[in-house]
1. What tally of residues in region 157-179 results from selecting those that are assigned to a loop (DSSP other than H, G, I, E, B) and either basic (Lys, Arg) or surrounded by 14 or more Cβ atoms within 10 Å (Cβ to Cβ) (or both)?
2. Restricting attention to region 294-349, and to residues there that are part of a loop (DSSP other than H, G, I, E, B) and among the hydroxyl-bearing types (Ser, Thr, Tyr), which single residue is farthest from Thr235 (Cα to Cα)?
3. Output the residues belonging to region 214-234 that are free of Cβ contacts under 8 Å to residues at least 40 places away in the same chain and part of a strand (DSSP E or B).
4. Please work out which residue is modelled with the highest pLDDT, limiting yourself to region 48-68 and to residues that are assigned to a loop (DSSP other than H, G, I, E, B) and over 18 Å from Ile110 (Cβ atoms).
5. Spot the failing condition for Gly206; the list is (1) surrounded by 14 or more Cβ atoms within 10 Å (Cβ to Cβ); (2) closer than 30 Å to Gln295 by Cβ, and only one is missed.
6. Any idea which residue in region 235-247 is nearest to Ile137 (Cα to Cα), counting only those that are not polar (S, T, N, Q) and not in a strand (DSSP E or B)?
7. I'd like to know if region 248-265 contains one or more residues that are touching a helix residue (DSSP H, G or I) at 6+ places or on another chain (Cβ under 7 Å), at pLDDT 80 or above and closer than 28 Å to Ser136 by Cβ.
8. Which one of these is over 28 Å from Thr329 (Cα atoms) and either assigned by TED's automatic domain parsing to the domain that holds Leu290 or without any contact (Cβ under 8 Å) to a residue 40 or more places away in the chain (or both): Ile167, Ile158, Ile144, Ile137?
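The values are calculated or read from the model by the stated rules, or taken from the named source; none is laboratory data. A quick note: this is a predicted structure, and the numbers were derived from the prediction, not measured. So basically every Cβ, Gly included, is an ideal-geometry build from the backbone, and we count neighbours across all protein chains shown.
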Amino acid sequence: MNRRVLLLLVVVVLLLVVVVVVVLPLVNPPPPTAVVNGTPGQVVDQNAATPTPIQLGEVLVAVQPLPRGSRIPDQGAVAVRLWPVQSIPERALKDPKDAIGKIARTDIFIEQPIVDLLVVDDLAQIARNGSDAAASIPRGLVAIAVPVDRLADMGYGIQDGDYVDVITTFLFVDVDPTFQSIKPNKLTLTSIGTDGTIQVGTAIEGELQPNSLSQFPVVVGPSERQRPRLVTQRTVQGAYVIHVGTFPLDGRFLVKQATPLPTPTPAEGEATKAVPPPTATPPNPDIITLAVSPQDAVVLSWATESQIPITLALRSAQGDPTAPTDQPTSVTLQYMIENYNIAQPPTLPYALEPGLRSIRQLILQDGRYLQFTSAGDTTTTTSVKPQP
């Protein structure tokens with residue numbers, strides 16, 4: 001071997017030794033050590049906080065969606081998971097044998113802990129274990145029913161298991177604080193007769209105002225009944241829809257009905273069997289049961305008793321349908337004018353005939369529509385057939 005090459009190899013080896021022995025310890029120094037009872041050991045920071053270990057316990061969870069009314073299969077439906085002890089629900093199941101073969105009383109979602117109230121051995125046990133409605137109420141909430149129609153129920157599109165916001169509409173009028181009657185009060189003028197007795201005139205609506213043309217005051221009265229002031233606001237958000245319509249008398253609304261089989265067509269020459277009459281179409285729901293907080297239940301009860309119109313706004317199933325959102329601003333006539341730059345129409349020397357009294361029209365199912373017209377203190381509802 002060439003002497004020059006050999007010398008070069010020796011230099012390279014020496015450089016590697018220097019890197020390993022000198023440079024690497026400087027770049028990655030070893031942890032400091034201390035001698036404890038004659039034995040060297042790693043130095044421990046006495047001020048460092050000791051992490052608290054999370055206590056885990058076993059709980060039975062669903063590993064696939066379990067629809068309400070379905071029987072839990074013995075394979076691939078439930079499994080035991082480790083769960084933080086503080087978050088394990090009360091009466092949670094831990095053994096798969098306690099759930100397999102039973103019937104889900106309500107929808108059970110993936111990775112949801114299963115408690116004993118969510119499953120029953122037999123559908124007949126529902127009556128003994130409480131109603132389906134009680135089993136469907138989330139913990140901490142209560143159920144209350146509110147009246148709805150086609151408009152409030154979003155065209156009857158809201159279904160069990162949805163989440164909705166409740167919008168209420170109020171009509172405000174001025175009332176007398178003593179009589180609690182709509183203003184103006186009735187005014188009765190009195191006078192003293194020639195015989196010294198007090199004469200009482202006929203009561204009229206209005207109030208006394210000074211008259212610049214005479215020393216006697218005048219009575220200013222309304223030309224029509226006081227017009228209410230409309231205000232709309234969202235009052236309840238994220239309400240869970242337990243059931244749409246009237247509950248069955250046995251309370252078993254969670255059980256899915258079997259799909260009827262089509263009626264077979266008789267072969268040629270066979271006698272035609274009597275076909276049972278078709279089942280009547282159920283009426284449209286006029287009531288919806290919601291799960292809300294106890295305070296919101298009082299609010300909805302007050303609104304119902306006060307005959308406050310209620311409209312349900314359906315929440316999206318994307319994301320968390322129960323998440324609170326910012327409280328919107330109450331909508332009034334002033335809000336609409338200021339925020340949408342609505343111009344006040346000018347007074348013109350001409351108008352439309354017939355005169356417009358209302359723009360509200362509700363389309364009926366048979367193609368007709370309801371038209372509301374106002375004249376003075378009365379409102380007339382007319383069923384009109386649209387012109388071809």
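1. Here is the first cut: in region 157-179, the ones assigned to a loop (DSSP other than H, G, I, E, B) are 157-162, 173-174, 176-179.
Narrowing further to those that are either basic (Lys, Arg) or surrounded by 14 or more Cβ atoms within 10 Å (Cβ to Cβ) (or both): 158, 160-162.
Result for region 157-179: 4.
2. Pass one, region 294-349, residues part of a loop (DSSP other than H, G, I, E, B): 306-309, 315-330, 332, 341-349.
Now restrict to residues that are among the hydroxyl-bearing types (Ser, Thr, Tyr): 306, 316, 322, 325, 329-330, 332, 347.
Details: Ser306: 15, Ser316: 18, Thr322: 15, Thr325: 12, Thr329: 11, Ser330: 10, Thr332: 15, Thr347: 38 Å.
Out of the qualifying residues, it is Thr347.
3. Those that are free of Cβ contacts under 8 Å to residues at least 40 places away in the same chain and part of a strand (DSSP E or B): Val218, Val219, Val220.
4. Quick first cut of region 48-68, residues assigned to a loop (DSSP other than H, G, I, E, B) only: 48-55, 63-65, 67-68.
Narrowing further to those that are over 18 Å from Ile110 (Cβ atoms): 48-55.
Values: Ala48: 59, Ala49: 61, Thr50: 67, Pro51: 71, Thr52: 73, Pro53: 80, Ile54: 82, Gln55: 88.
The selected residue is Gln55.
5. (2)
6. First, the residues of region 235-247 that are not polar (S, T, N, Q): 236, 238-245, 247.
Right, trim to not in a strand (DSSP E or B) and you get 245, 247.
Details: Gly245: 16, Phe247: 15 Å.
The qualifying residue nearest to Ile137 (Cα to Cα) is Phe247.
7. No - not one qualifying residue is present in region 248-265.
8. Numbers: Ile167 fails: over 28 Å from Thr329 (Cα atoms); Ile158 fails: over 28 Å from Thr329 (Cα atoms); Ile144 fails: over 28 Å from Thr329 (Cα atoms).
Ile137 is the lone residue from the list that is over 28 Å from Thr329 (Cα atoms) and either assigned by TED's automatic domain parsing to the domain that holds Leu290 or without any contact (Cβ under 8 Å) to a residue 40 or more places away in the chain (or both).
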